[in-house]
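Throughout, read-outs are computed from the coordinates displayed, never taken from laboratory work. All values reported here derive from a predicted model rather than from experimental measurement. Every residue, glycine as well, gets a Cβ built from its backbone with ideal geometry; the counts of neighbours run over all protein chains shown.
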Amino acid sequence: MRTLFVVSGGDAPGINAALYQGASLAAQYGDETLGVQGGFAGLLTEQIVPFTPHEMIHWLAMAGTHFQSSRDPVLAQAEAQEKLSHVLAQHQIDSIILFGGNGTLRYIPPLLERWGVACIGLPTTIDNDVPGTDLTLGFDSACNFAYSVVDGMRATGHALTGRIFTLETLGGDTGYLALEIARGSAADVVLLPEYEYDPVWVADRLKGAITRQGQALLVYSEGLKGKNELLDLIPKRTGIRVRDSHLGHAQRGGVPSHRDRALAADMVRKAYTALRDGVRTGVMVVRDGQTVLHSGILEATAPRLPDQILYNQINGLHEL
Ligand code: F6P
């Protein structure tokens, strides 16, 4: 079997671990593994290279992806689609293992199905916002990266009391990442794009945390509406300057965690075995703690909301 590994959209820690595991498994079967430099844009220009476990072992522990990705929506054009189907046929690609988020996993597999190329997708994004799976590759590492920053803020907050810290996470216009980070770092307030909030209430709750424990922490997702106005209001209302930090893109480059390495290994092993067993189209998903194959294309479902019970608990909005 000749399998092509394609990374499309935002990279995430754990992809390189999956590339290593895929190459290692294929080598055991005497199969060939190939990668594309630059996602589907690179595939159009035939940037295809074979790779071996020997080459990939060095990359295993690194974030990002050895084979670069692309957000270029090249496949929106009919000519590009036609060209791509020729490239795949010319290079005798039997199957594709596809790393990507919601857009990639919904849009690309139907095209490949039409061209007779088997494809199994691995939901990959630090945002954890792919409907149909409880967990995406990279999410756990992105949480751990955030903890390394928050823990430092907590340490200095203990040494110099009376400070309000605010931390912006990545996550696009979704709040799953911010919510989980807020839980793990014992934030006093978490704000997400999906839920409305009262800025005055936020300021008062932060002030209360200062009185109680000497420091306060607000975690919010980058897509939060009204964040600039909120950050202006907090010092006016509390009389305390806000120390605002942004995790930014560094959050996508955190060290691949144990959980992501294990998930990468599990997903790729099951995906590769399914391809060898003749599955044509599928997506690996995590449900009830198990990595399982979802056969066929991932259906379009309404996005789930971040856990509202957890959101209320962190914000002290629940009945004890
Ligand atoms: O890949 C997901 C993500 O990291 C989001 O959290 C973030 O909003 C976005 O990508 C940033 O995209 P870009 O790297 O194109 O600026």
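Excluding same-chain neighbours fewer than eight residues apart, the lysines reachable from Lys227 by a Cα-Cα span under 28 Å are Lys207, Lys236.
Listed by chain and number, the aspartates and glutamates whose C-alpha is less than 13 Å from the C-alpha of Lys225, apart from same-chain residues fewer than 8 away, are Glu168, Asp173, Glu194, Glu196, Asp198. Among Phe51, Phe99, Phe40, a tally of other beta-carbon atoms within 10 Å of each Cβ gives an order, fewest to most, of Phe51, Phe40, Phe99.
Net charge around Gly138, counting only other residues with Cβ within less than 9 Å of its Cβ (Lys, Arg = +1; Asp, Glu = -1)? For residues surrounding Gly138, the net value is -3. Overall, the chain carries a charge dipole of about 640 debye about its Cα centre when +1 sits on the Cβ of Lys and Arg and -1 on the Cβ of Asp and Glu, all other atoms neutral. Each stretch of four or more DSSP H residues adds -39500 (n - 2.57); spread over every residue of the chain, this sum gives -13000 deg cm²/dmol at 222 nm.
By the count of neighbouring beta-carbon atoms within 10 Å, fewest first, Ile210, Ile120 end up ordered Ile210, Ile120.
The order of Lys236, Lys207, Lys225, going from fewest to most other C-beta atoms within 10 Å of their C-beta, is Lys236, Lys225, Lys207.
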